[in-house]
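Asker: Pasting a structure here, questions to come.
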Amino acid sequence: MRRWSWLYVLSLFFLLSGLSCKKEEKTPGLSGRWTGVVQGITIDVTLVETKGTITGSGSIQAPGVSISVSVTGTYSFPNVSMTFRSTGYEDFTFSGTLSADGNTLSGSLNGSGFNNVAITLRRG
């Protein structure tokens with residue numbers, strides 16, 4: 001009888017410890033290189049995201065033109081908001097969301113000639 005009661009206690013222990021373990025889901029970060037093409041313009045930026053604050057730099061390229069940009073913004077998964085700045089040009093913004101796997105940013109551009117223009121940026 002004693003043998004069965006220990007088996008029962010151990011079984012109950014493992015059952016309860018399995019129920020109390022909740023798998024923690026990891027929120028994907030934004031740090032890394034992101035590229036996308038819209039209206040013949042390539043956006044290529046490297047972002048650093050720390051505790052919801054985005055900073056970065058990169059370039060906007062069109063045939064025969066390459067413009068350096070700086071990027072600032074905010075991130076609260078899945079929502080992303082960024083402002084792109086370059087000397088001599090009007091700022092433009094990106095508002096969108098990060099995919100669950102953390103590899104695709106989908107949203108729209110506004111400002112500096114963009115008016116709700118859809119864009120997808122891919123990590124890589």
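The values are calculated or read from the model by the stated rules, or taken from the named source; none is laboratory data. Keep in mind it's a predicted model, so treat the numbers as computed, not measured. Don't worry about glycine lacking a Cβ; one is built from the backbone with ideal geometry, like all the others, and counts go over all protein chains shown.
Asker: Taking the condition of being under 17 Å from Gly56 (Cα atoms) and out of contact with any Asp or Glu (no Cβ under 6 Å at 6 or more places or on another chain), how many residues in the range 80-95 meet it?
Answerer: Counting residues in the range 80-95 that are under 17 Å from Gly56 (Cα atoms) and out of contact with any Asp or Glu (no Cβ under 6 Å at 6 or more places or on another chain) gives 11.
Asker: Is it true that Ile119 is surrounded by 14 or more Cβ atoms within 10 Å (Cβ to Cβ), free of Cβ contacts under 8 Å to residues at least 40 places away in the same chain and touching a Phe, Trp or Tyr at 6+ places or on another chain (Cβ under 9 Å)?
Answerer: no
Asker: Of all residues in the range 41-68, how many are more than 20 Å from Ser31 (Cβ to Cβ), of a type outside the set (A, V, I, L, M) and surrounded by 13 or more Cβ atoms within 10 Å (Cβ to Cβ)?
Answerer: 2
Asker: Has the range 69-86 got any residue that is more than 22 Å from Ser31 (Cβ to Cβ) and of a type in the set (S, T, N, Q)?
Answerer: No, every residue in the range 69-86 fails to be more than 22 Å from Ser31 (Cβ to Cβ) and of a type in the set (S, T, N, Q).
Asker: What do you reckon, is Thr35 over 15 Å from Leu98 (Cα atoms) and either over 11 Å from the mean Cα position of the chain (by Cα) or at pLDDT 95 or above (or both)?
Answerer: So Thr35 does not fit the description; no.
Asker: How about the range 26-52: which of its residues are without any contact (Cβ under 8 Å) to a residue 60 or more places away in the chain and either in contact with a helix residue (DSSP H, G or I) (Cβ under 8 Å, 6 or more places away or on another chain) or not β-branched (Val, Ile, Thr) (or both)?
Answerer: The answer is Lys26, Ser31, Gly40, Asp44, Leu47, Glu49, Lys51, Gly52.
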